[in-house]
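Written out below as structure tokens is the structure these notes cover.
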Amino acid sequence: MQPSDEDLVSRFQGGDETAFEAMVERWNEPILQLATRLTGDLEEAKDVRQMALLKTYQGLDRFEGRARFSTWIYRVVLNLCRDRKRGAAVRERALDGAVRQQEGDYVLEETGFHLARDRELARIVAGAVLSLPPAEREVVVLRHYHELGFPAIAEILGSPVTTVKSRMTRGLELLRTRLATLEA
């Protein structure tokens, strides 16, 4: 049985550096996925992941456990993504980065019509998600790609659950509208 995040934090705070290595191994991919889906750029997401792991390492000795570790680390990633996006225009590479990340989920030997169709659909959906306003995009990504519940998302965002649900409703409606216009 693997130790919980909280056990690893406790071990790290007690001086066990290998506990942090286990945390990096556990959280490396989820952090990258979240950052990629929020920024839309795989290279930028890799930078965010590095900064998030550094901030985690630097701040872990002060982590008090008032929130779950997963909430804390998602908030670190979210804040780093917001900081990087603040005042910046969406780059042309955004869609390509999101598609490259999603393509990593496919088996390389798989070929043919179905793979092409799935990749095209993933590209279209990724583009629609990236086109959402930031507040709605954050909620949609955390809920659907990271499968977090509304209370956890509310805690990460520092918003009431009702606000999170409203953003989700608005985000899904915008996605429906944008995807429906593509069908026509």
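Residue by residue through the stretch 145-180, note down the ones that are free of Cβ contacts under 8 Å to residues at least 60 places away in the same chain, under 23 Å from Q33 (Cβ atoms) and hydroxyl-bearing (S, T, Y). The answer is S159, and nothing else. Restricted to the stretch 103-132, and to residues there that are modelled with pLDDT of 65 or more and out of contact with any helix residue (DSSP H, G or I) (no Cβ under 8 Å at 6 or more places or on another chain), the residue that is surrounded by the most Cβ atoms within 10 Å (Cβ to Cβ) is D118. Return the only residue of L121, L130 being touching a residue at least 12 places away in the same chain (Cβ under 8 Å) and aliphatic (A, V, I, L, M). Just a single option satisfies the conditions, and that option is L130. When A89, A19 are screened for being modelled with pLDDT under 95, of a type in the set (G, A, S) and closer than 26 Å to P133 by Cα, only A89 passes. Restricting attention to the stretch 1-44 and to residues that are touching a residue at least 40 places away in the same chain (Cβ under 8 Å) and among the β-branched types (V, I, T), the residue that is surrounded by the fewest Cβ atoms within 10 Å (Cβ to Cβ) turns out to be V9. Taking residues in the stretch 45-74 that are under 18 Å from E29 (Cβ atoms) and of a type in the set (D, E), and partners anywhere that are modelled with pLDDT of 90 or more and part of a helix (DSSP H, G or I), the pairs with Cβ atoms closer than 9 Å and at least 6 places apart or on different chains are D47/A35; D47/L80. In the stretch 75-87, of all residues being surrounded by fewer than 20 Cβ atoms within 10 Å (Cβ to Cβ) and in contact (Cβ under 8 Å) with a residue 40 or more places away in the chain, the one that is farthest from E6 (Cα to Cα) corresponds to K85.
The values are calculated or read from the model by the stated rules, or taken from the named source; none is laboratory data. Owing to the predicted nature of the structure, the values given are computational and were not obtained by experimental measurement. Heads up, the Cβs are rebuilt from the backbone with ideal geometry, glycines too, and the neighbour counts pull from every protein chain shown.
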